[in-house]
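The values are calculated or read from the model by the stated rules, or taken from the named source; none is laboratory data. Just so it is clear, the model here is predicted, and its values are computed rather than measured. Every residue, glycine among them, receives a Cβ derived from its backbone with ideal geometry; neighbour counts consider all protein chains shown.
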Amino acid sequence: MEPVYDLMTRLLSEYFGVPEEQLTPDATFERLDIDSLAQVELVTLLEDRLKVTLGEPPAGATLGEIAARIERLVAAGTVGAQPQAPADAVASAGPAR
Amino acid sequence: MSEREVAVTGIGMVTPPGLGREATWDGLCAGEGLGAFDEDLAGLPVDFSCRVPGFDGNALLGRRITWRNDRFIHLAMVAAREAVADAALDPAVWDAPRVAIVIGTASNGGDRWPQEYRNLDEGRVEAISPTALLRSLPNMVAGEVSKDLRALGPCLTTSTACASGATAVGTARDLLRAGACDIAIAGGTDSARVPMGSAAFYRMQALSRRCHDPAGASRPFDADRDGFVLSEGAAMLILERPLHARARGARVRGYLSGYGASSDGYHATRPDPEGAGARRAVEAALADARAELAEVHHVNAHGTSTPLNDEVEAAMLSAVFRTPPPVTSLKGVIGHSLGAAGAVDAACTVLSLERQLIPPTANLDRLDDGMDLDVVTKIARRHRMEGALSNSFGFGGQNAVLFFRAA
(Lines give C-alpha, C1' and ligand atoms only; values in the text may rest on other atoms or scores of the structure.)
Protein backbone atom coordinates (compact mmCIF):
# COMPACT_ATOMS: atom_id res chain seq x y z
CA MET A 1 0.00 0.00 0.00
CA GLU A 2 1.14 3.55 -0.76
CA PRO A 3 2.71 5.07 2.40
CA VAL A 4 0.26 7.49 4.07
CA TYR A 5 2.70 10.40 3.76
CA ASP A 6 2.92 9.85 -0.01
CA LEU A 7 -0.86 9.52 -0.36
CA MET A 8 -1.44 12.67 1.69
CA THR A 9 1.08 14.80 -0.20
CA ARG A 10 -0.21 13.48 -3.52
CA LEU A 11 -3.73 14.59 -2.59
CA LEU A 12 -2.46 17.97 -1.37
CA SER A 13 -0.68 18.50 -4.67
CA GLU A 14 -3.13 17.00 -7.18
CA TYR A 15 -6.45 17.70 -5.48
CA PHE A 16 -5.78 20.90 -3.57
CA GLY A 17 -3.14 22.41 -5.87
CA VAL A 18 -0.42 22.91 -3.27
CA PRO A 19 2.91 23.41 -5.08
CA GLU A 20 4.98 20.25 -4.71
CA GLU A 21 8.10 22.06 -3.49
CA GLN A 22 6.17 23.21 -0.40
CA LEU A 23 5.28 19.64 0.56
CA THR A 24 7.91 18.70 3.13
CA PRO A 25 7.56 16.57 6.30
CA ASP A 26 7.91 19.67 8.51
CA ALA A 27 5.23 21.69 6.66
CA THR A 28 1.99 22.47 8.52
CA PHE A 29 -1.53 22.99 7.11
CA GLU A 30 -1.37 26.59 8.25
CA ARG A 31 1.84 27.20 6.28
CA LEU A 32 0.37 25.46 3.22
CA ASP A 33 -2.79 27.58 3.46
CA ILE A 34 -4.96 24.48 3.84
CA ASP A 35 -7.89 25.93 5.78
CA SER A 36 -10.37 24.10 8.00
CA LEU A 37 -12.70 23.32 5.09
CA ALA A 38 -9.88 21.84 3.04
CA GLN A 39 -8.72 19.86 6.10
CA VAL A 40 -12.16 18.25 6.47
CA GLU A 41 -12.18 17.46 2.73
CA LEU A 42 -8.69 15.94 3.02
CA VAL A 43 -9.75 13.81 6.00
CA THR A 44 -12.84 12.70 4.02
CA LEU A 45 -10.67 11.65 1.08
CA LEU A 46 -8.13 9.85 3.30
CA GLU A 47 -10.81 7.99 5.28
CA ASP A 48 -12.45 6.92 2.04
CA ARG A 49 -9.18 5.55 0.65
CA LEU A 50 -7.78 4.04 3.86
CA LYS A 51 -11.10 2.78 5.28
CA VAL A 52 -10.15 4.13 8.68
CA THR A 53 -11.59 6.67 11.10
CA LEU A 54 -9.20 9.58 11.45
CA GLY A 55 -10.92 12.48 13.15
CA GLU A 56 -9.50 15.94 13.17
CA PRO A 57 -5.72 16.30 12.76
CA PRO A 58 -4.10 17.90 15.82
CA ALA A 59 -3.68 21.65 15.37
CA GLY A 60 -0.20 22.77 14.39
CA ALA A 61 1.04 19.25 13.60
CA THR A 62 3.41 18.74 10.69
CA LEU A 63 2.67 16.59 7.66
CA GLY A 64 5.22 14.07 8.95
CA GLU A 65 3.53 13.88 12.37
CA ILE A 66 0.05 13.61 10.88
CA ALA A 67 1.13 10.83 8.50
CA ALA A 68 2.79 8.93 11.36
CA ARG A 69 -0.39 9.23 13.46
CA ILE A 70 -2.51 7.89 10.60
CA GLU A 71 -0.06 5.00 10.04
CA ARG A 72 -0.50 4.11 13.75
CA LEU A 73 -4.31 4.21 13.45
CA VAL A 74 -4.18 1.98 10.38
CA ALA A 75 -1.82 -0.43 12.13
CA ALA A 76 -4.01 -0.45 15.26
CA GLY A 77 -6.59 -2.29 13.25
CA THR A 78 -9.33 0.23 12.74
CA VAL A 79 -9.18 -0.88 9.10
CA GLY A 80 -12.62 -1.69 7.84
CA ALA A 81 -14.33 0.29 10.57
CA GLN A 82 -17.13 2.58 9.50
CA PRO A 83 -15.42 5.91 8.91
CA GLN A 84 -16.78 8.45 11.31
CA ALA A 85 -15.42 11.95 11.61
CA PRO A 86 -16.01 13.54 15.00
CA ALA A 87 -18.67 16.21 15.00
CA ASP A 88 -16.20 18.91 15.96
CA ALA A 89 -14.18 18.38 12.79
CA VAL A 90 -17.22 19.24 10.76
CA ALA A 91 -18.21 22.07 13.04
CA SER A 92 -14.84 23.73 12.59
CA ALA A 93 -15.46 23.99 8.86
CA GLY A 94 -19.12 24.77 9.13
CA PRO A 95 -20.59 27.98 7.87
CA ALA A 96 -20.62 30.78 10.41
CA ARG A 97 -24.08 31.81 9.28
CA MET B 1 -26.45 58.99 -24.23
CA SER B 2 -28.16 60.02 -21.02
CA GLU B 3 -27.29 59.53 -17.39
CA ARG B 4 -30.18 57.05 -17.14
CA GLU B 5 -28.12 54.70 -19.27
CA VAL B 6 -25.14 52.65 -18.17
CA ALA B 7 -22.04 52.04 -20.22
CA VAL B 8 -20.83 48.55 -21.11
CA THR B 9 -17.06 48.80 -20.78
CA GLY B 10 -16.03 45.17 -20.73
CA ILE B 11 -17.21 41.76 -21.98
CA GLY B 12 -15.98 38.26 -21.19
CA MET B 13 -17.41 35.00 -22.56
CA VAL B 14 -16.85 31.27 -22.42
CA THR B 15 -19.17 29.44 -24.82
CA PRO B 16 -19.27 26.37 -27.09
CA PRO B 17 -17.36 28.15 -29.90
CA GLY B 18 -14.49 28.57 -27.44
CA LEU B 19 -12.74 30.47 -24.74
CA GLY B 20 -13.16 34.21 -24.84
CA ARG B 21 -15.24 36.99 -26.35
CA GLU B 22 -13.66 36.89 -29.81
CA ALA B 23 -13.77 33.09 -30.11
CA THR B 24 -17.46 33.31 -29.25
CA TRP B 25 -18.12 36.04 -31.76
CA ASP B 26 -16.21 34.29 -34.56
CA GLY B 27 -18.06 31.04 -33.89
CA LEU B 28 -21.43 32.77 -33.90
CA CYS B 29 -20.66 34.54 -37.16
CA ALA B 30 -19.59 31.23 -38.74
CA GLY B 31 -23.19 30.12 -38.27
CA GLU B 32 -22.64 26.37 -37.86
CA GLY B 33 -24.61 24.44 -35.24
CA LEU B 34 -22.28 23.11 -32.53
CA GLY B 35 -24.45 20.32 -31.13
CA ALA B 36 -22.52 17.05 -30.90
CA PHE B 37 -22.60 13.67 -29.18
CA ASP B 38 -21.69 14.15 -25.50
CA GLU B 39 -20.00 11.15 -23.86
CA ASP B 40 -21.25 12.29 -20.46
CA LEU B 41 -24.80 11.69 -21.74
CA ALA B 42 -24.12 8.34 -23.45
CA GLY B 43 -27.04 5.92 -23.21
CA LEU B 44 -29.67 8.61 -22.53
CA PRO B 45 -32.54 9.28 -24.95
CA VAL B 46 -30.91 12.66 -25.70
CA ASP B 47 -27.17 12.03 -25.81
CA PHE B 48 -25.92 15.26 -27.37
CA SER B 49 -25.28 18.81 -26.23
CA CYS B 50 -23.27 21.91 -27.00
CA ARG B 51 -20.23 21.88 -24.75
CA VAL B 52 -17.33 24.26 -24.30
CA PRO B 53 -14.60 22.19 -25.94
CA GLY B 54 -11.65 21.34 -23.73
CA PHE B 55 -12.66 23.73 -20.98
CA ASP B 56 -10.35 22.98 -18.05
CA GLY B 57 -11.09 25.15 -15.04
CA ASN B 58 -8.19 23.56 -13.18
CA ALA B 59 -5.69 24.64 -15.80
CA LEU B 60 -7.17 28.12 -16.17
CA LEU B 61 -7.79 28.93 -12.51
CA GLY B 62 -5.68 26.46 -10.53
CA ARG B 63 -6.75 23.64 -8.20
CA ARG B 64 -6.20 26.01 -5.26
CA ILE B 65 -9.54 27.55 -6.25
CA THR B 66 -11.32 24.90 -8.30
CA TRP B 67 -11.21 21.94 -5.91
CA ARG B 68 -14.12 23.35 -3.96
CA ASN B 69 -16.54 24.39 -6.71
CA ASP B 70 -18.45 23.06 -9.70
CA ARG B 71 -18.03 23.74 -13.39
CA PHE B 72 -20.65 26.53 -13.59
CA ILE B 73 -18.53 28.52 -11.13
CA HIS B 74 -15.33 27.88 -13.07
CA LEU B 75 -17.01 29.12 -16.27
CA ALA B 76 -18.21 32.27 -14.52
CA MET B 77 -14.80 33.03 -13.00
CA VAL B 78 -13.01 32.74 -16.33
CA ALA B 79 -15.57 34.98 -18.06
CA ALA B 80 -15.50 37.54 -15.22
CA ARG B 81 -11.72 37.78 -15.28
CA GLU B 82 -11.82 38.37 -19.04
CA ALA B 83 -14.50 41.06 -18.68
CA VAL B 84 -12.49 42.90 -16.02
CA ALA B 85 -9.36 42.80 -18.18
CA ASP B 86 -11.35 43.94 -21.21
CA ALA B 87 -12.56 46.96 -19.22
CA ALA B 88 -8.94 47.75 -18.25
CA LEU B 89 -9.89 47.54 -14.58
CA ASP B 90 -7.43 46.44 -11.92
CA PRO B 91 -8.95 44.68 -8.89
CA ALA B 92 -5.76 45.39 -6.94
CA VAL B 93 -6.49 49.11 -6.90
CA TRP B 94 -10.22 49.55 -7.46
CA ASP B 95 -12.54 50.85 -4.73
CA ALA B 96 -13.65 47.30 -3.89
CA PRO B 97 -16.72 48.12 -1.73
CA ARG B 98 -18.14 50.02 -4.72
CA VAL B 99 -17.95 47.01 -7.07
CA ALA B 100 -21.08 44.83 -7.29
CA ILE B 101 -21.52 41.27 -8.56
CA VAL B 102 -24.84 40.07 -10.01
CA ILE B 103 -24.80 36.66 -11.69
CA GLY B 104 -27.74 34.72 -13.08
CA THR B 105 -27.94 30.96 -12.94
CA ALA B 106 -30.90 28.71 -13.64
CA SER B 107 -29.84 25.25 -12.62
CA ASN B 108 -26.08 25.26 -11.88
CA GLY B 109 -25.77 21.56 -12.73
CA GLY B 110 -24.76 19.88 -9.51
CA ASP B 111 -21.78 18.00 -10.91
CA ARG B 112 -21.22 16.03 -7.70
CA TRP B 113 -24.79 15.38 -6.55
CA PRO B 114 -25.07 11.88 -8.09
CA GLN B 115 -22.00 10.77 -6.14
CA GLU B 116 -23.23 12.35 -2.89
CA TYR B 117 -26.72 10.85 -3.26
CA ARG B 118 -25.07 7.46 -3.69
CA ASN B 119 -23.11 8.03 -0.47
CA LEU B 120 -26.33 8.99 1.28
CA ASP B 121 -28.21 5.96 -0.07
CA GLU B 122 -25.41 3.67 1.09
CA GLY B 123 -25.41 5.19 4.56
CA ARG B 124 -21.96 6.66 4.03
CA VAL B 125 -22.79 10.09 5.40
CA GLU B 126 -19.19 10.65 6.51
CA ALA B 127 -18.04 10.19 2.91
CA ILE B 128 -20.14 13.13 1.72
CA SER B 129 -17.83 16.01 0.86
CA PRO B 130 -18.06 19.08 3.10
CA THR B 131 -18.11 21.02 -0.19
CA ALA B 132 -21.32 19.34 -1.42
CA LEU B 133 -23.39 22.47 -0.87
CA LEU B 134 -20.94 25.26 -1.33
CA ARG B 135 -19.75 23.92 -4.67
CA SER B 136 -23.25 23.84 -6.12
CA LEU B 137 -25.55 26.41 -4.50
CA PRO B 138 -26.56 29.19 -6.90
CA ASN B 139 -25.47 32.01 -4.54
CA MET B 140 -21.95 30.62 -4.38
CA VAL B 141 -21.11 31.63 -7.92
CA ALA B 142 -21.52 35.29 -7.01
CA GLY B 143 -19.67 34.73 -3.74
CA GLU B 144 -16.73 32.96 -5.39
CA VAL B 145 -16.40 35.56 -8.17
CA SER B 146 -16.53 38.29 -5.53
CA LYS B 147 -13.71 36.63 -3.60
CA ASP B 148 -11.68 35.96 -6.74
CA LEU B 149 -11.88 39.56 -7.94
CA ARG B 150 -12.06 41.29 -4.55
CA ALA B 151 -15.38 42.90 -5.48
CA LEU B 152 -16.87 43.76 -2.11
CA GLY B 153 -20.10 45.63 -2.88
CA PRO B 154 -23.59 44.16 -3.29
CA CYS B 155 -23.23 40.51 -4.32
CA LEU B 156 -26.13 38.34 -5.43
CA THR B 157 -27.45 35.66 -7.74
CA THR B 158 -30.60 36.03 -9.84
CA SER B 159 -32.64 33.03 -10.84
CA THR B 160 -35.37 33.48 -13.44
CA ALA B 161 -34.77 30.27 -15.40
CA CYS B 162 -33.72 30.99 -18.98
CA ALA B 163 -33.91 34.74 -18.34
CA SER B 164 -31.51 34.65 -15.36
CA GLY B 165 -28.56 36.21 -17.18
CA ALA B 166 -30.64 39.08 -18.54
CA THR B 167 -32.28 39.62 -15.17
CA ALA B 168 -28.79 39.86 -13.65
CA VAL B 169 -27.74 42.54 -16.14
CA GLY B 170 -30.95 44.49 -15.55
CA THR B 171 -30.68 44.20 -11.78
CA ALA B 172 -27.06 45.37 -11.89
CA ARG B 173 -28.17 48.37 -13.93
CA ASP B 174 -30.69 49.18 -11.21
CA LEU B 175 -27.98 48.98 -8.54
CA LEU B 176 -25.90 51.46 -10.55
CA ARG B 177 -28.86 53.78 -11.04
CA ALA B 178 -29.62 53.64 -7.33
CA GLY B 179 -26.03 54.56 -6.51
CA ALA B 180 -25.39 51.32 -4.64
CA CYS B 181 -22.16 50.75 -6.60
CA ASP B 182 -19.91 52.41 -9.19
CA ILE B 183 -18.99 49.30 -11.16
CA ALA B 184 -21.08 46.16 -11.65
CA ILE B 185 -19.93 42.80 -12.95
CA ALA B 186 -23.10 41.23 -14.30
CA GLY B 187 -23.83 38.15 -16.32
CA GLY B 188 -24.87 34.54 -16.24
CA THR B 189 -23.51 31.03 -16.08
CA ASP B 190 -24.74 27.45 -16.29
CA SER B 191 -23.56 23.97 -17.08
CA ALA B 192 -26.57 21.68 -17.08
CA ARG B 193 -25.30 19.21 -19.67
CA VAL B 194 -25.17 16.56 -16.99
CA PRO B 195 -27.09 13.27 -17.12
CA MET B 196 -29.91 14.46 -14.84
CA GLY B 197 -30.16 17.72 -16.78
CA SER B 198 -30.64 15.87 -20.04
CA ALA B 199 -33.00 13.30 -18.53
CA ALA B 200 -35.17 15.85 -16.73
CA PHE B 201 -35.49 18.27 -19.65
CA TYR B 202 -36.18 15.28 -21.90
CA ARG B 203 -39.00 14.20 -19.58
CA MET B 204 -40.35 17.74 -19.75
CA GLN B 205 -40.41 17.32 -23.57
CA ALA B 206 -38.28 20.43 -23.92
CA LEU B 207 -35.28 18.93 -25.71
CA SER B 208 -34.72 18.24 -29.38
CA ARG B 209 -34.56 14.49 -30.00
CA ARG B 210 -32.63 14.83 -33.25
CA CYS B 211 -29.92 12.38 -32.16
CA HIS B 212 -29.11 11.45 -35.78
CA ASP B 213 -28.21 15.09 -36.54
CA PRO B 214 -27.04 16.87 -33.39
CA ALA B 215 -25.43 19.78 -35.28
CA GLY B 216 -28.80 20.45 -36.93
CA ALA B 217 -30.90 19.94 -33.80
CA SER B 218 -31.05 23.56 -32.62
CA ARG B 219 -32.99 25.32 -35.40
CA PRO B 220 -34.78 28.41 -34.09
CA PHE B 221 -37.82 29.50 -36.10
CA ASP B 222 -37.37 26.60 -38.53
CA ALA B 223 -40.42 24.56 -39.52
CA ASP B 224 -38.69 21.34 -38.42
CA ARG B 225 -37.56 22.47 -34.97
CA ASP B 226 -38.44 20.06 -32.16
CA GLY B 227 -36.88 21.42 -28.99
CA PHE B 228 -33.78 23.05 -27.55
CA VAL B 229 -30.26 21.68 -27.20
CA LEU B 230 -28.61 21.73 -23.78
CA SER B 231 -25.59 23.95 -23.70
CA GLU B 232 -23.22 25.53 -21.20
CA GLY B 233 -21.22 28.69 -20.83
CA ALA B 234 -20.86 32.03 -19.13
CA ALA B 235 -20.89 35.68 -20.15
CA MET B 236 -20.06 38.73 -18.04
CA LEU B 237 -20.47 42.44 -18.71
CA ILE B 238 -18.84 45.34 -16.90
CA LEU B 239 -21.35 48.11 -16.34
CA GLU B 240 -20.64 51.66 -15.14
CA ARG B 241 -22.46 54.95 -15.11
CA PRO B 242 -21.29 56.94 -18.16
CA LEU B 243 -19.69 59.63 -15.99
CA HIS B 244 -17.67 57.04 -14.12
CA ALA B 245 -16.56 55.39 -17.36
CA ARG B 246 -15.65 58.75 -18.90
CA ALA B 247 -13.74 59.89 -15.80
CA ARG B 248 -11.39 56.94 -16.04
CA GLY B 249 -11.12 57.11 -19.82
CA ALA B 250 -12.75 53.75 -20.38
CA ARG B 251 -13.54 52.44 -23.85
CA VAL B 252 -17.33 52.10 -24.15
CA ARG B 253 -18.61 49.17 -26.22
CA GLY B 254 -22.27 50.16 -25.96
CA TYR B 255 -24.95 51.49 -23.65
CA LEU B 256 -27.64 49.60 -21.76
CA SER B 257 -30.53 52.01 -22.15
CA GLY B 258 -33.59 50.06 -21.03
CA TYR B 259 -34.61 47.08 -18.96
CA GLY B 260 -38.08 45.58 -18.77
CA ALA B 261 -39.16 42.65 -16.60
CA SER B 262 -42.51 40.91 -16.42
CA SER B 263 -44.27 37.71 -15.54
CA ASP B 264 -46.74 35.76 -17.67
CA GLY B 265 -48.67 34.50 -14.67
CA TYR B 266 -50.04 31.88 -17.01
CA HIS B 267 -48.50 28.39 -16.85
CA ALA B 268 -45.49 26.62 -15.33
CA THR B 269 -43.77 25.93 -18.62
CA ARG B 270 -45.90 27.10 -21.54
CA PRO B 271 -45.68 30.76 -22.56
CA ASP B 272 -48.81 32.88 -22.60
CA PRO B 273 -50.18 32.04 -26.11
CA GLU B 274 -50.69 35.73 -26.85
CA GLY B 275 -47.14 36.53 -25.73
CA ALA B 276 -48.63 39.12 -23.40
CA GLY B 277 -45.93 38.76 -20.75
CA ALA B 278 -43.11 38.90 -23.28
CA ARG B 279 -44.72 41.92 -24.90
CA ARG B 280 -45.00 43.74 -21.60
CA ALA B 281 -41.28 43.19 -21.02
CA VAL B 282 -40.40 44.54 -24.48
CA GLU B 283 -42.61 47.58 -24.00
CA ALA B 284 -41.28 48.18 -20.50
CA ALA B 285 -37.68 48.06 -21.75
CA LEU B 286 -38.43 50.59 -24.49
CA ALA B 287 -40.38 52.85 -22.11
CA ASP B 288 -37.52 52.68 -19.65
CA ALA B 289 -35.14 53.73 -22.43
CA ARG B 290 -37.62 56.38 -23.61
CA ALA B 291 -37.17 54.81 -27.03
CA GLU B 292 -39.59 54.61 -29.94
CA LEU B 293 -40.21 51.38 -31.84
CA ALA B 294 -38.46 52.95 -34.82
CA GLU B 295 -35.25 53.07 -32.81
CA VAL B 296 -35.10 49.27 -32.61
CA HIS B 297 -32.96 48.17 -35.55
CA HIS B 298 -32.35 44.57 -34.51
CA VAL B 299 -33.80 41.95 -32.17
CA ASN B 300 -31.61 39.31 -30.58
CA ALA B 301 -34.40 36.83 -29.96
CA HIS B 302 -34.80 34.32 -27.16
CA GLY B 303 -35.42 31.81 -30.01
CA THR B 304 -34.88 28.54 -28.16
CA SER B 305 -35.92 26.21 -31.01
CA THR B 306 -38.83 24.80 -29.01
CA PRO B 307 -42.03 24.75 -31.10
CA LEU B 308 -44.00 26.95 -28.71
CA ASN B 309 -41.42 29.57 -27.69
CA ASP B 310 -40.49 30.47 -31.24
CA GLU B 311 -44.09 30.56 -32.42
CA VAL B 312 -45.18 32.87 -29.62
CA GLU B 313 -42.07 35.07 -29.84
CA ALA B 314 -42.46 35.48 -33.62
CA ALA B 315 -46.13 36.40 -33.27
CA MET B 316 -45.34 38.83 -30.44
CA LEU B 317 -42.66 40.59 -32.49
CA SER B 318 -45.02 40.89 -35.44
CA ALA B 319 -47.70 42.31 -33.18
CA VAL B 320 -45.39 44.86 -31.54
CA PHE B 321 -43.60 46.01 -34.70
CA ARG B 322 -45.56 46.45 -37.88
CA THR B 323 -42.46 45.16 -39.68
CA PRO B 324 -39.98 43.70 -37.20
CA PRO B 325 -36.32 44.61 -37.77
CA PRO B 326 -33.81 41.82 -38.58
CA VAL B 327 -33.93 39.06 -35.98
CA THR B 328 -31.41 36.43 -34.98
CA SER B 329 -31.20 33.65 -32.40
CA LEU B 330 -27.73 32.66 -31.24
CA LYS B 331 -29.09 29.34 -29.98
CA GLY B 332 -28.92 27.80 -33.46
CA VAL B 333 -25.13 27.82 -33.10
CA ILE B 334 -24.58 27.43 -29.37
CA GLY B 335 -27.75 25.78 -28.06
CA HIS B 336 -29.45 26.90 -24.88
CA SER B 337 -27.16 27.68 -21.98
CA LEU B 338 -30.11 28.38 -19.65
CA GLY B 339 -28.95 30.85 -16.99
CA ALA B 340 -26.06 32.02 -19.16
CA ALA B 341 -28.16 32.54 -22.28
CA GLY B 342 -29.55 35.98 -21.43
CA ALA B 343 -26.06 37.28 -20.68
CA VAL B 344 -24.54 35.75 -23.82
CA ASP B 345 -27.36 37.35 -25.84
CA ALA B 346 -26.85 40.71 -24.10
CA ALA B 347 -23.09 40.66 -24.68
CA CYS B 348 -23.51 39.71 -28.34
CA THR B 349 -26.18 42.36 -28.87
CA VAL B 350 -23.62 44.93 -27.68
CA LEU B 351 -21.03 43.46 -30.05
CA SER B 352 -23.56 43.53 -32.93
CA LEU B 353 -24.12 47.25 -32.33
CA GLU B 354 -20.40 47.88 -32.00
CA ARG B 355 -19.55 45.98 -35.18
CA GLN B 356 -22.74 46.69 -37.14
CA LEU B 357 -22.99 42.98 -37.85
CA ILE B 358 -25.70 40.42 -37.02
CA PRO B 359 -24.60 36.78 -36.59
CA PRO B 360 -26.82 34.31 -38.49
CA THR B 361 -29.33 31.87 -37.00
CA ALA B 362 -27.91 28.42 -37.72
CA ASN B 363 -30.00 25.64 -39.26
CA LEU B 364 -32.84 27.86 -40.38
CA ASP B 365 -33.70 26.27 -43.73
CA ARG B 366 -37.43 26.94 -43.92
CA LEU B 367 -39.12 29.60 -41.81
CA ASP B 368 -42.12 28.12 -40.09
CA ASP B 369 -45.52 28.75 -41.64
CA GLY B 370 -47.22 31.84 -40.37
CA MET B 371 -44.04 33.55 -39.20
CA ASP B 372 -43.47 36.91 -40.80
CA LEU B 373 -39.93 37.64 -39.67
CA ASP B 374 -36.71 38.75 -41.33
CA VAL B 375 -34.41 36.22 -39.67
CA VAL B 376 -30.72 36.49 -40.52
CA THR B 377 -29.59 33.10 -41.84
CA LYS B 378 -26.54 31.39 -43.32
CA ILE B 379 -24.12 34.32 -43.20
CA ALA B 380 -23.65 37.31 -40.89
CA ARG B 381 -25.40 40.43 -42.14
CA ARG B 382 -23.99 43.95 -42.22
CA HIS B 383 -26.70 46.24 -40.94
CA ARG B 384 -26.89 49.83 -39.78
CA MET B 385 -28.02 49.79 -36.16
CA GLU B 386 -28.31 52.32 -33.40
CA GLY B 387 -30.53 50.35 -31.05
CA ALA B 388 -31.22 46.66 -30.45
CA LEU B 389 -33.32 44.49 -28.15
CA SER B 390 -32.17 41.35 -26.38
CA ASN B 391 -35.06 39.09 -25.39
CA SER B 392 -35.04 36.47 -22.63
CA PHE B 393 -38.07 34.47 -21.56
CA GLY B 394 -37.88 31.88 -18.80
CA PHE B 395 -39.84 28.85 -17.75
CA GLY B 396 -42.28 29.97 -15.13
CA GLY B 397 -43.21 32.91 -17.33
CA GLN B 398 -40.34 35.10 -16.12
CA ASN B 399 -39.30 37.59 -18.77
CA ALA B 400 -36.41 40.05 -19.04
CA VAL B 401 -35.73 42.30 -22.01
CA LEU B 402 -32.76 44.63 -22.44
CA PHE B 403 -32.47 47.53 -24.89
CA PHE B 404 -28.99 48.60 -25.94
CA ARG B 405 -27.76 51.60 -27.90
CA ALA B 406 -24.56 51.85 -29.91
CA ALA B 407 -21.73 53.83 -28.33
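Exactly one residue among B:Ser107, B:Ser49 is buried (at least 16 other Cβ atoms within 10 Å of the Cβ), within 22 Å of B:Gly165 (Cα to Cα) and modelled with pLDDT under 95, and that residue is B:Ser107. Is there a residue in the range A:7-27 that is in contact with a strand residue (DSSP E or B) (Cβ under 9 Å, 6 or more places away or on another chain) and surrounded by 15 or more Cβ atoms within 10 Å (Cβ to Cβ)? Checking the range A:7-27: at least one residue is in contact with a strand residue (DSSP E or B) (Cβ under 9 Å, 6 or more places away or on another chain) and surrounded by 15 or more Cβ atoms within 10 Å (Cβ to Cβ).
Only one of the numbered conditions (1) farther than 13 Å from B:Arg64 by Cα; (2) facing chain B (nearest Cβ under 10 Å) is violated by A:Val4, and that is (2).
Wholly within the range B:61-123, which helices (runs of 4 or more DSSP H) include no fewer than the required count, namely at least 2 residues that are more than 14 Å from chain A (Cβ to nearest Cβ)?
Here the list reads B:71-86, B:113-121.
Selection over the range B:219-263 of residues that are among the hydroxyl-bearing types (Ser, Thr, Tyr) and either closer than 20 Å to B:Val145 by Cβ or outside any strand (DSSP E or B) (or both) gives a count of 1. Counting only residues that are β-branched (Val, Ile, Thr) and in contact with a helix residue (DSSP H, G or I) (Cβ under 7 Å, 6 or more places away or on another chain), how many does the range B:313-326 have? Residues meeting the conditions: 1.
Out of the residues in the range B:35-46 that are assigned to a loop (DSSP other than H, G, I, E, B) and over 22 Å from the mean Cα position of the chain (by Cα), state the one that is surrounded by the most Cβ atoms within 10 Å (Cβ to Cβ).
Going through the qualifying residues, I end up with B:Val46.
For a quick check of your reading of the model, give me the residue pairs whose first member lies in the range B:396-407 and is over 20 Å from B:Met316 (Cα atoms), whose second is modelled with pLDDT of 95 or more and part of a strand (DSSP E or B), with beta-carbon atoms closer than 7 Å and at least 6 apart or on different chains. Final answer for the pair search is B:Arg405/B:Gly254; B:Arg405/B:Tyr255; B:Arg405/B:Ser257; B:Arg405/B:Gly387; B:Ala406/B:Gly254; B:Ala407/B:Gly254; B:Ala407/B:Tyr255.
Each residue in the range B:83-101 was checked for being out of contact with any Asp or Glu (no Cβ under 9 Å at 6 or more places or on another chain), under 30 Å from B:Phe393 (Cβ atoms) and of a type in the set (Val, Ile, Thr), and 1 pass. For the range A:42-71, the tally of residues that are within 14 Å of chain B (Cβ to nearest Cβ), assigned to a helix (DSSP H, G or I) and loosely packed, with under 15 Cβ neighbours inside 10 Å stands at 1. Scanning the range A:26-41 for residues that are within 14 Å of another protein chain (Cβ to nearest Cβ) and acidic (Asp, Glu) yields A:Asp33, A:Asp35, A:Glu41.
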